Amino acid sequence: MWFKALRVYQARTDDQWPLDSLRSALEEKRFQHCSGQEAHRYGWVSVLPGQDLLVHEQARHYLMRLRIEERLLPTAVLKEQVHEKVEQIEAEEGRKVSRKEQKTLLEDLRAELLPRAFTRSKYIWVWLDNETQRVIVDTSSEKQAELALNALRESLGSFPVVPMATQQSPSTLMTQWIEQAAPADLTPQESCELRDGEDEQAVIRCRGQDLASDEIRQHLEAGKRVTQLALDWQDQIQFTLTDQWVMKGLTFADALQEEASDANPDQDPMTALDAEFILMSRTLAPLITRLVSLLGGPAGRTTA
């Protein structure tokens, strides 16, 4: 269950999330399959298939899994069938089918086909860090992250969190790291994205390129800023940081993954989950805290 991407959210208060209350709340929002006319549905499922464990707890860190089920009914298929129906009506009745009638035909066809449509499921990991009051969602998609947060709000009744925001923008700091030097524990890799400060459509994506080269420096001197930068943190994890405070393309060091495997010689699923969650959270939690500190601390607060 190693996370592949991160969207980080900060609680508005320092209140703890009680484990018993969390488990009870998620129980009320267990996943159920789509009913006949539902296009999608989401709910909480066990962190391990075949077991009844909605929340996995490890030293004040809570892991949960959200399932999203959606029916596959492509709009293009509906439009094609409506178009055929319209042609049939016009040929048989010798009249034009109005837009209003076409819309009704589309809605009727959708209602007829939806219960028979195939379904597809997606899963989103959610991690609550009770030490820093942060919520970390395993996705780079803002839409999916917000859906997971909405599921928590629906479960708990209230869940006041906001997207991570810092005193300094990631783009400003990443640009400084390329122009000058990055901290000793964060090593830029040979991949970045540059955007023009005045023309957002002017984008340069670099892969396998020396970021200290004259070519990159010329782009920065011309006013471009770094909006994505691949980084290595302490030889433990590689990732790409974006100007929207998204961490994506997470790749954990082989040594960490081997340590998790060594802790589970009997290949027990629960032991595997426990080992991976411990190592992942112990790696990512201080990394996030380090990035927040480098960026001047949370927005609205001053650093000591």
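Taking the conditions (1) of a type in the set (A, V, I, L, M, F, W, C); (2) touching a helix residue (DSSP H, G or I) at 6+ places or on another chain (Cβ under 7 Å); (3) under 17 Å from Phe277 (Cα atoms); (4) buried (at least 16 other Cβ atoms within 10 Å of the Cβ) in turn, Leu48 satisfies each one other than (4). Scanning segment 150-180 for residues that are assigned by TED's automatic domain parsing to the domain that holds Thr240 and without any contact (Cβ under 8 Å) to a residue 24 or more places away in the chain yields Gln176, Gln180.
Applying the criterion of at least 2 residues that are within 18 Å of the chain's Cα centre (by Cα) to the strands (runs of 3 or more DSSP E) found wholly in segment 1-86 leaves 5-11, 40-45, 61-71. In this structure, Asp243 does not qualify as charged (D, E, K, R) and surrounded by fewer than 17 Cβ atoms within 10 Å (Cβ to Cβ). When the residues of segment 246-269 are filtered to those that are among the acidic types (Asp, Glu) and assigned to a helix (DSSP H, G or I), the one that is surrounded by the most Cβ atoms within 10 Å (Cβ to Cβ) is Glu259. Only one entry of Leu173, Leu211, Leu156 meets the criterion of being surrounded by 15 or more Cβ atoms within 10 Å (Cβ to Cβ), within 30 Å of Gln32 (Cβ to Cβ) and either among the aliphatic types (A, V, I, L, M) or modelled with pLDDT under 95 (or both), and that entry is Leu156. Summed over segment 220-236, residues that are under 21 Å from Arg282 (Cα atoms) and in contact with a helix residue (DSSP H, G or I) (Cβ under 6 Å, 6 or more places away or on another chain) total 2.
Taking the listed residues Glu93, Glu57, Glu84, Glu70, the one that is surrounded by 12 or more Cβ atoms within 10 Å (Cβ to Cβ), more than 30 Å from Glu131 (Cβ to Cβ) and of a type in the set (Asp, Glu) is Glu70, with no other qualifying.
The values are calculated or read from the model by the stated rules, or taken from the named source; none is laboratory data. This structure is a prediction, so every number in the text was calculated from the model and none was measured. Ideal geometry is used to build each Cβ from the backbone, glycine not excepted, and the neighbour counts take in all protein chains shown.
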